[in-house]
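Undergrad: Dumping the structure here so I can ask a few things about it.
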Amino acid sequence: TVVGCIIGFSIAAKGFSSINWDETKNILISWVAAPLVTGAFAILLSANPFTRGYYAFSFILFVTIGIDIFFIFNKGTKNFKHFHNDVYDTKWVVPTSFGIGAFFGLLWLWPFGPLVKKKLEAKKNAGNNSEGLAATEKVPIGEEHDQDIE
């Protein structure tokens with residue numbers, strides 16, 4: 001959405017010729033390739049994909065949001081005359097960008113991740129109860145594969 005906003009504002013301010021469409025194409029390709037590669041290596045190849053994905057997601061948020069904010073500050077502000085180059089230097093941009101990424105990664109670990117996990121467990125257990133399983137047989141999400149391995 002950030003890239004879309006930047007493209008939209010740039011088109012509105014300077015027209016279609018102000019967009020570097022080759023770089024834009026690379027960004028669009030990365031939006032498809034990055035989740036596929038990340039999913040294959042970080043989540044799907046584990047014995048317990050839900051638990052690995054649950055914890056890997058906070059790291060993925062940290063890295064991707066950190067990189068996005070870095071490029072917004074580092075590249076995006078150079079096209080505007082009212083931004084001062086000495087304010088947006090690398091000593092300020094890198095820690096700020098990845099600090100924002102870390103903030104969002106921590107927000108997943110608490111409070112949003114546990115909330116989502118609780119809702120998924122409730123949904124799964126509701127499905128188990130509708131299949132005739134007793135309420136005492138509830139299995140938390142992420143632990144069902146551990147039983148299969150033994």
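The values are calculated or read from the model by the stated rules, or taken from the named source; none is laboratory data. Being a predicted model, the structure only gives us computed values, none of them experimental. Note that each Cβ is placed from the backbone with ideal geometry, even for glycine, and that neighbours are counted across all protein chains shown. Please note that ligands, DNA and RNA were not included when accessible areas were found on the heavy atoms of the full protein model with its side chains. Shrake-Rupley method; radii C 1.70, N 1.55, O 1.52, S 1.80 Å.
Undergrad: Using the basic label-point model (7 angstrom from Cα toward the beta carbon), what is the Lys118 to Phe103 distance in nanometres?
TA: Result: 2.5 nm between the two label points.
Undergrad: Obtain the nm distance between the two label points defined at Ile19 and Ala126 by a simple spin-label model: each point lies 7 Å from its Cα along the Cα-to-C-beta direction.
TA: 4.1
Undergrad: Rank these by accessible area, largest first, 1.4 Å probe: Thr96, Thr90, Thr24.
TA: From most exposed to least exposed: Thr90, Thr96, Thr24.
Undergrad: Given the protein chains as shown and a 1.4 Å probe, how many square angstrom of Trp31 are accessible, to the nearest 10?
TA: The accessible area comes out at roughly 130 Å².
Undergrad: Explain nothing, just compute: Karplus ³J(HN,Hα) = 6.51 cos²θ - 1.76 cosθ + 1.60, θ = phi - 60°, for every residue of region 103-119 in order, whole Hz, x for Gly and Pro.
TA: Ordered by residue, 3J(HN,Hα) equals 4, 5, x, 5, 4, 5, 5, 7, x, 6, x, x, 5, 5, 4, 5, 5 Hz.
Undergrad: Around Ser58, with a cut-off of 15 angstrom between Cβ atoms, what is the net charge of the other residues, counting Lys and Arg +1 and Asp and Glu -1?
TA: My count for the surroundings of Ser58 gives +2.
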